[in-house]
Amino acid sequence: MAFKRALLTVMALGASAIAQSSSSYTDPDNGITFQGYTDPVHNVTYGLVFPPLSGNSNEFIGEILAPSSTGWIGIALSGSMIGDLLVVGWPNGQDFVGTTRFATSYSSPAVYSGPTLTNLKYALVNSTHWKWVFRCQNCTTWTNGSIPTDSSAALAWAFSSDPVADPSDPGTTFHEHTDFGFFGENYADAHSDNYDSYLS
Ligand SMILES: *[C@@H]1O[C@H](CO)[C@@H](O)[C@H](O)[C@H]1NC(C)=O
Ligand SMILES: *[C@@H]1O[C@H](CO)[C@@H](O)[C@H](O)[C@H]1NC(C)=O
Ligand SMILES: *[C@@H]1O[C@H](CO)[C@@H](O)[C@H](O)[C@H]1NC(C)=O
Ligand SMILES: *[C@@H]1O[C@H](CO)[C@@H](O)[C@H](O)[C@H]1NC(C)=O
């Protein structure tokens with residue numbers, strides 16, 4: 001109940017009421033300039049970059065940099081677990097597995113088909129951290145929802161210290177997140193003329 005209430009409150013307040021907002025940073029490992037946020041509690045960095053707005057594209061590149069002890073990370077692209085496009089990822093050895101999900105209740109979200117997730121070559125796994133870098137195509141609109149790519153909006157994150165049931169399976173089950181939170185993503189400033197070069 002507390003969880004649901006917190007979500008509803010944030011949704012009602014909207015992005016402007018969220019103290020934490022994204023800023024621009026360039027990842028020194030891959031040279032990509034993302035619009036993102038580092039959650040200070042779990043030290044997880046979330047970054048997004050989109051093609052130029054004029055292209056009316058439906059994709060973005062995302063990255064998640066997390067301490068090694070992190071089991072999986074999810075992002076809810078419109079700031080709420082229910083009725084949102086959820087992108088969830090986790091390490092599987094030196095590689096990464098990602099999945100798109102959709103929840104109609106506060107329970108394990110079902111696989112959502114339509115978006116295409118592709119791992120980019122910038123993945124990193126070392127003794128202290130993992131970093132998943134992915135392309136998400138057909139990811140700016142979904143059933144009854146969309147990202148406002150020309151303004152700002154709340155983005156929700158979910159953190160789990162437990163691994164998923166079967167890390168090799170994109171359709172795997174996983175336990176409820178151990179924590180979640182929000183930040184205001186400045187989508188208007190998340191577009192880059194270098195997008196195509198980031199992909200190549
Ligand atoms: C947070 O993670 C970064 C890598 O992104 C690392 O350099 C830094 O030492 C970590 N900070 C803490 C407090 O763990
Ligand atoms: C894009 O995703 C939607 C679901 O959100 C799906 O219905 C549609 O077929 C997908 N389009 C393509 C071209 O894959
Ligand atoms: C692992 O990679 C992260 C991200 O580049 C970096 O901050 C961290 O210092 C690296 N850890 C080690 C032990 O090199
Ligand atoms: C989408 O919106 C329609 C109309 O409000 C509603 O009937 C339907 O249940 C919604 N779909 C989902 C998956 O929430």
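Evaluation of THR143 against the conditions (1) open to solvent by less than 40 Å² (accessible area, probe 1.4 Å); (2) within 16 Å of ligand 4 (Cβ to nearest atom) shows that the sole unmet condition is (1).
Contact map, region 61-78: first residue under 19 Å from LEU120 (Cβ atoms), second residue within 13 Å of ligand 3 (Cβ to nearest atom) and basic (Lys, Arg), Cβ cut-off under 8 Å, separation 6 or more or different chains; pairs are GLU63/LYS131; ILE64/LYS131; LEU65/LYS131; ALA66/LYS131. Within region 23-38, the residues that satisfy the criterion of being outside any loop (DSSP other than H, G, I, E, B) and either aliphatic (A, V, I, L, M) or within 15 Å of ligand 3 (Cβ to nearest atom) (or both) are TYR25, THR26, PHE34, GLY36, THR38. Looking only at region 37-60, residues that are touching a residue at least 60 places away in the same chain (Cβ under 8 Å), within 22 Å of TYR195 (Cβ to Cβ) and within 16 Å of ligand 1 (Cβ to nearest atom) come to 2 in all. Of the strands (runs of 3 or more DSSP E) that lie entirely inside region 43-130, those containing 2 or more residues that are open to solvent by 30 Å² or more (accessible area, probe 1.4 Å) and touching a Phe, Trp or Tyr at 6+ places or on another chain (Cβ under 9 Å) span 116-119.
From the list THR118, THR100, the lone residue that is within 16 Å of ligand 4 (Cβ to nearest atom) and either under 15 Å from the mean Cα position of the chain (by Cα) or charged (D, E, K, R) (or both) is THR100.
The values are calculated or read from the model by the stated rules, or taken from the named source; none is laboratory data. Here the structure is a predicted model, which means the values were calculated and not measured. Cβ: placed from backbone, ideal geometry, glycine included. Neighbour counts: every protein chain shown. Ligands, DNA and RNA are excluded from the accessible area calculation, which covers all protein heavy atoms including side chains. Shrake-Rupley method; radii C 1.70, N 1.55, O 1.52, S 1.80 Å.
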